[in-house]
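> To start, I am sharing the structure in question, which I have written as structure tokens.
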Amino acid sequence: MSDIQYFVFATISMSIPIVLTTLGGVFAERARITNIGMEGLMLISSFVSMAIAAHLNNPWIGMFFGIISSMLFALILALVIFKFNCNSIIAGIGVNLLASGITWLLLEYIYNEPGAYAPSGIDTLPKIRWEFLKTLPFIGDIIYNQSVVLVITVVLIIAGFIVMRYTQFGYWVRAVGQNEDATRAVGIDPIKIKIATLLISGFTAGIAGAFLSTSSMVVFAINMTAGRGFIALGSTIFGAGTVIGSVLAALLFGAAEAASVRLQTLTIPVQFVLMLPYVATIIALTISSVTKRLRTKQDNSYETFVPSITIQR
Amino acid sequence: MKAKTLLGKFETFISRSLPVLIGLVISFVIMLIISDQPFTAFVSFIGGSFFDLYSFGSMLSILSILLISGLGGMVALKAGAINIGGEGQLYLGAMTAAVIAIYLKLPAPDFVVTILAILGGMLAGALWILIPALLKSLLNVNEIVTTLMSDYMAPLLTAYFVNNVIRNPMSGNAETVRIPQTMQLFKLLPPSKLNISIILSILLLICLQIFYLRTKSGLKQQMVGLHPSFAEAMGVKPQKVIFTSLLASGAIFGLSGALVTLGIEYRFLQGFSPGYGSLGLTIALMGGIAPIGILWSSILYSVLLYGATKMQVNADVPFSLVFLLQGIIVLLVTSNKFNISFGRREKNE
């Protein structure tokens with residue numbers, strides 16, 4: 001495998017969790033219910049997937065329960081936002097802290113491990129090992145040996161794009177994001193739509209979490225998501241809430257992460273290299289802010305997307 | 001608005017405390033499930049700080065740090081910005097203070113160096129939030145994501161320095177050498193680590209209380225936090241106000257980091273903080289984003305934080321329970337469905 005092929009391979013595998021989480025985040029963002037809690041949703045799913053996969057020696061059942069746990073947390077988030085009237089931003093931060101605390105506690109309680117747990121001899125999620133790929137030039141090597149989750153991701157990207165653009169549901173989501181009162185007037189309950197989008201983001205973040213803890217090896221470490229949920233949030237903002245744009249942004253952050261893994265072999269201190277994805281996120285948000293500012297000077301229509309993060313208190 | 005009668009104050013106190021009570025109940029249920037001696041665990045958790053004078057002093061030394069962190073979180077929230085990167089600023093402040101105290105040689109008394117170390121820590125905290133603050137005020141870049149990203153970067157930066165530049169070669173841990181005794185903060189209740197930073201923290205609380213209640217700039221800060229467009233109409237520049245509040249927030253977190261180094265740890269140790277910085281936001285929210293409320297919530301949290309270490313020793317419940325509790329509290333703390341009133345109806349509402 002050439003250097004470029006290796007880099008693309010690493011970019012894709014690093015991007016998978018970010019892309020998945022971004023995909024759900026796009027739905028929430030478009031319905032104007034920015035999901036700050038995606039980090040926590042990923043984390044809880046990582047733990048549950050690891051635990052169930054290790055217990056039953058089956059990563060797929062692990063992933064299933066990971067998704068369930070993540071959607072349950074998304075439901076809790078929806079509950080406190082809409083039933084208890086909590087500020088959605090603060091409640092999202094609460095979900096992150098809660099997931100971090102619960103997984104930490106369970107790690108210490110169940111496995112008696114202070115930092116990380118990696119059971120040995122447990123099946124991981126399968127790899128793509130289709131023989132025909134070997135005959136393809138360039139692309140073959142890039143796809144061969146990736147996790148099967150890549151297939152799920154691609155399917156979900158296409159599905160997300162179609163749902164957002166061509167279905168009734170996607171239309172409702174966009175409508176709720178643009179004008180909540182108008183949608184209420186035509187008989188759509190914006191709160192139901194928002195809850196649905198939160199659950200969607202729980203679903204995709206759940207797959208992403210399972211990928212993190214059960215794809216290359218079965219392992220869980222405290223706060224192992226390491227900001228990927230927030231990086232995904234950054235991609236939805238950078239991608240201006242469009243499915244394709246946000247996925248591309250997520251790929252960019254995946255590339256930054258792949259580069260940071262690749263550069264660790266060089267003489268640059270490893271700590272600086274590891275900062276790369278975070279720096280990339282800050283730069284990307286800055287760029288998106290600048291371009292948005294330039295665009296809004298010419299175009300003030302409702303189509304111009306504005307992220308919904310404000311604090312009302 | 002509720003009248004500021006004693007009863008009214010009590011009611012707000014109760015409704016503020018409800019998320020905490022719910023969190024404590026859930027914690028207790030968890031103890032019942034996972035522990036063999038849940039009552040020992042619960043008593044240690046709640047009362048561990050009051051078992052003896054040493055515990056009490058240690059709790060107060062944690063309080064001095066958490067109170068300052070809570071105020072740091074508050075300063076940003078007052079202007080409507082959210083700084084969730086407090087932990088990172090605290091790390092940088094702690095490391096800078098250690099570096100100054102260890103390496104700065106001045107022909108001056110040692111306490112001058114200590115003061116410089118504290119100021120240096122504040123400066124480092126402020127510098128660490130400078131870029132997110134600039135981006136927020138100039139370009140309206142989401143400060144939650146940027147402060148969080150810098151939060152992940154700070155421990156990496158300090159890890160680089162403490163491993164490669166300022167490491168104590170005699171130690172097996174990633175840590176600096178100890179700060180000379182003469183530069184450590186004065187102990188108030190030896191052998192516990194309670195030191196004069198508790199007085200500093202109370203002073204800061206009073207200053208901020210006066211600032212927000214009695215000064216024009218304090219009013220501007222709150223105006224921007226509550227009604228940015230109104231503030232703008234009144235001729236206040238929200239960008240400028242948010243910028244200064246974020247910078248001040250970073251500096252205060254840096255201060256609490258410096259005080260940890262100079263008063264509790266006496267060195268910079270990678271991974272020294274059990275969330276002193278990230279608790280800042282929690283405490284500020286629990287305290288209703290007001291100085292006096294933050295005093296109460298920081299007392300509560302330092303009791304629990306110290307109690308958790310006792311709990312881990314006395315019973316088989318891990319320390320990480322406090323993080324779970326923190327999550328539940330933050331999740332519910334902004335709810336306005338917990339407003340309760342005893343017996344009388346609200347008029348004019």
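> Along the charge dipole of region B:57-290, which of B:T215, B:A98, B:L255 sits closest to the positive end, that is, farthest toward it, with unit charges on the beta carbon of Lys, Arg, Asp and Glu (+1, +1, -1, -1)?
Working it through, the farthest residue towards the positive pole turns out to be B:T215.
> Moving to a separate point now. May I ask for the equivalent-ellipsoid semi-axes of region A:1-137, computed as the square root of five times each C-alpha gyration tensor eigenvalue and listed largest first in whole Å? Each step should come with its number before you reach the end.
Numbers: eigenvalues 190, 100, 34 Å².
That gives 31, 22, 13 Å for the three semi-axes.
> Would you please classify the overall shape of chain B from the alpha carbon gyration tensor, given that a ≥ b ≥ c denote the square roots of the eigenvalues, rounded means a/c under 1.5, and beyond that prolate means a/b larger than b/c while oblate covers the rest? Walk me through the intermediate numbers first.
On the way: a/c = 1.75, a/b = 1.13, b/c = 1.55.
It comes out oblate by the Cα gyration axes.
> Could you go through region B:291-307 in sequence order and give the Karplus-derived ³J(HN,Hα) for each residue, using 6.51 cos²θ - 1.76 cosθ + 1.60 with θ = phi - 60°, rounded to whole Hz, and x for Gly and Pro?
With coefficients 6.51, -1.76 and 1.60, one gets x, 5, x, 5, 4, 4, 5, 6, 4, 4, 6, 6, 4, 5, 5, 6, x Hz.
> Per DSSP H run of n ≥ 4, the term is -39500 (n - 2.57); total these for chain A, divide by its residue number, and report the mean residue ellipticity at 222 nm rounded to 500 deg cm²/dmol.
-23500 deg cm²/dmol
> What is the percent of Cα-Cα separations in region B:194-280 that go past 23 Å?
Values: 1424 of 3741 pairs.
That fraction is 38 percent.
> May I pose another question? Quick one: P(r) of region A:88-173 from all Cα-Cα pairs, 5 Å bins, percents rounded to integers, in order of increasing distance.
Spelled out per bin, shortest first, that is 3, 11, 9, 9, 11, 15, 16, 12, 10, 4, 0.
> Sticking with this structure for a sec: Based on the Cα atoms of region B:60-194, what semi-axes does the equivalent ellipsoid have, where each is the square root of 5 times one gyration tensor eigenvalue, given in whole Å with the largest first?
Working: eigenvalues 164, 69, 41 Å².
The answer is 29, 19, 14 Å, longest axis first.
> Based on the Cα atoms of region B:1-143, what semi-axes does the equivalent ellipsoid have, where each is the square root of 5 times one gyration tensor eigenvalue, given in whole Å with the largest first? If you can, show how the numbers build up before the last one.
Working: eigenvalues 252, 133, 58 Å².
Over the Cα atoms of region B:1-143, the semi-axes work out to 36, 26, 17 Å.
> Check which residues have an amide H placed less than 5 Å from B:N195's amide H, if you skip close sequence neighbours.
Answer set, sorted by chain and number: B:L188.
> Under 5 Å between amide hydrogens, which residues at least 5 positions from A:S147 or on another chain qualify, with H placed 1.01 Å from N in the peptide plane?
Here A:I128 satisfy the definition.
> Please work out how much length the chain gains when fully extended from A:I128 to A:I4, using 0.36 nm per residue of separation minus the C-alpha to C-alpha distance, in nm with one decimal.
Values: separation 124, 0.36 × 124 = 44.64 nm, distance 1.99 nm.
That pair, A:I128 and A:I4, stretches by 42.6 nm at full extension.
> Then there's this: For region B:132-246, what class follows from the C-alpha gyration tensor (a ≥ b ≥ c being the square roots of its eigenvalues): rounded when a/c is under 1.5, otherwise prolate if a/b is larger than b/c, else oblate? Spell out each step's value before the answer.
Values: a/c = 4.27, a/b = 1.55, b/c = 2.75.
The shape class here is oblate.
> Would you mind checking the radius of gyration and Dmax of the protein assembly as shown based on alpha-carbon positions, in Å?
24.9, 81
> Moving to a separate point now. Measure out, as a whole number of angstrom, how far apart the alpha-carbon centroids of region A:11-48 and region A:147-171 sit.
14
> Here's a follow-up. When the dipole is taken about the Cα centre of chain A, and only Lys, Arg (+1) and Asp, Glu (-1) are charged at their Cβ, what size is it in debye, to the nearest 20?
Working: 18 positive and 14 negative charges, 150 e Å.
I would put it at about 720 debye.
> Right, next: Pulled fully out, how much extra length does the chain show between B:K240 and B:C207, if you take 0.36 nm times their separation in residues and subtract their Cα-Cα distance?
Details: separation 33, 0.36 × 33 = 11.88 nm, distance 2.12 nm.
Here the answer is 9.8 nm.
> With N set to the number of residues, divide the alpha-carbon radius of gyration of chain A by 2.2 N^0.38 Å and report two decimals.
Values: Rg = 19.6 Å, N = 313, 2.2 N^0.38 = 19.5 Å.
For chain A, the normalised Cα radius of gyration is 1.00.
> Cα extents of region B:27-108 along the three principal axes, largest first, in whole Å?
Cα spread of region B:27-108 along its principal axes, largest to smallest: 56, 38, 20 Å.
> To continue, here is another question. Helix by helix, which DSSP H runs in chain A go 18 Å or more along their axis at the Cα atoms and have an average Kyte-Doolittle hydropathy of 1.0 or more? Show your work: numbers first, answer last.
Details: long enough: A:3-30 (38 Å, 1.06); A:38-56 (26 Å, 1.53); A:59-82 (34 Å, 2.32); A:88-111 (33 Å, 1.47); A:149-166 (25 Å, 2.57); A:190-214 (36 Å, 1.30); A:243-263 (30 Å, 1.69); A:276-298 (34 Å, 0.40).
Answer set is A:3-30, A:38-56, A:59-82, A:88-111, A:149-166, A:190-214, A:243-263.
> So, with +1 on the Cβ of K and R and -1 on the Cβ of D and E, and no other charges, what is the size of the charge dipole of the protein assembly as shown about its Cα centre, to the nearest 20 debye? Walk me through the numbers on the way to the answer.
Details: 40 positive and 27 negative charges, 369 e Å.
In debye, rounded to 20, the protein assembly as shown gives about 1780.
> Still on this structure: Tell me, what is the FRET efficiency for A:I143 and A:L75 to the nearest 0.05, using R0 = 35 angstrom and their Cβ-Cβ distance as r?
Details: r = 35 Å, r/R0 = 1.01.
Efficiency computed from Cβ-Cβ geometry: 0.50.
> Would you pull out the residues with amide H under 5 Å of B:L185's amide H, same chain only if 5 or more places away, H placed 1.01 Å from N?
The answer is B:G263.
> Need the full-extension length gain, A:Q178 to A:T291, defined as separation in residues times 0.36 nm minus the C-alpha distance. One decimal, nm. Can you show the working numbers first?
Values: separation 113, 0.36 × 113 = 40.68 nm, distance 2.03 nm.
Gain on extension, A:Q178 to A:T291, equals 38.7 nm.
> Moving to a separate point now. Please report how far the C-alpha centroid of region B:252-285 lies from that of region B:104-183, rounded to the nearest whole angstrom.
Each part's Cα centre sits 11 Å from the other's.
> Mean 1/r over all different Cα pairs, inverted: what Kirkwood radius does region A:135-281 give, in Å? Walk me through the numbers on the way to the answer.
Values: mean 1/r = 0.0565 Å⁻¹.
Hydrodynamic radius (Kirkwood, Cα only) of region A:135-281 equals 17.7 Å.
> Label 7 Å along Cα→Cβ of B:L189; region B:280-315 residues with amide nitrogen under 12 Å?
Inside the label zone: B:303.
> Among the lysines in region B:57-290, how many pairs, 8 or more places apart or on different chains, have alpha carbons under 28 Å apart?
Lysine pair count for region B:57-290: 15.
> While we're on this one: For chain B, what does the helix formula give at 222 nm: sum of -39500 (n - 2.57) over DSSP H segments with n ≥ 4, over the residue count, nearest 500 deg cm²/dmol? It would help to have the intermediate numbers written out before the result.
Numbers: 13 runs with 239 residues, N = 349.
That calculation yields -23500 deg cm²/dmol at 222 nm.
> With a Förster radius of 51 Å, plug the Cβ-Cβ distance of B:T215 and A:T135 into 1/(1 + (r/R0)^6) and report the FRET value to the nearest 0.05. Write out the running numbers ahead of the final one.
Numbers: r = 74 Å, r/R0 = 1.46.
Plugging the Cβ-Cβ distance into 1/(1 + (r/R0)^6) gives 0.10.
> At 7 Å along the Cα-to-beta-carbon direction for both A:Q264 and B:I26, put a label point, then send me their distance in nm to one decimal.
3.4
> Shifting gears a bit: Across region B:118-179, how large is the tail of the calculated P(r) beyond 15 Å, expressed as a percent of all Cα pairs? Write down the numbers at each step before the final one.
Details: 1172 of 1891 pairs.
Looking at region B:118-179, the distances longer than 15 Å represent 62 percent of pairs.
> Using R₀ = 56 Å, calculate the FRET efficiency as 1/(1 + (r/R₀)^6) where r is the Cβ-Cβ separation of B:N163 and B:F51; round to 0.05. Working shown, then result.
Numbers: r = 38 Å, r/R0 = 0.67.
After rounding to 0.05, the efficiency reads 0.90.
Here, each number is a calculation from the coordinates, and none is a lab measurement. Bear in mind the structure is a predicted one, so any value in this text is a computation, not a measurement. Don't worry about glycine lacking a Cβ; one is built from the backbone with ideal geometry, like all the others, and counts go over all protein chains shown.
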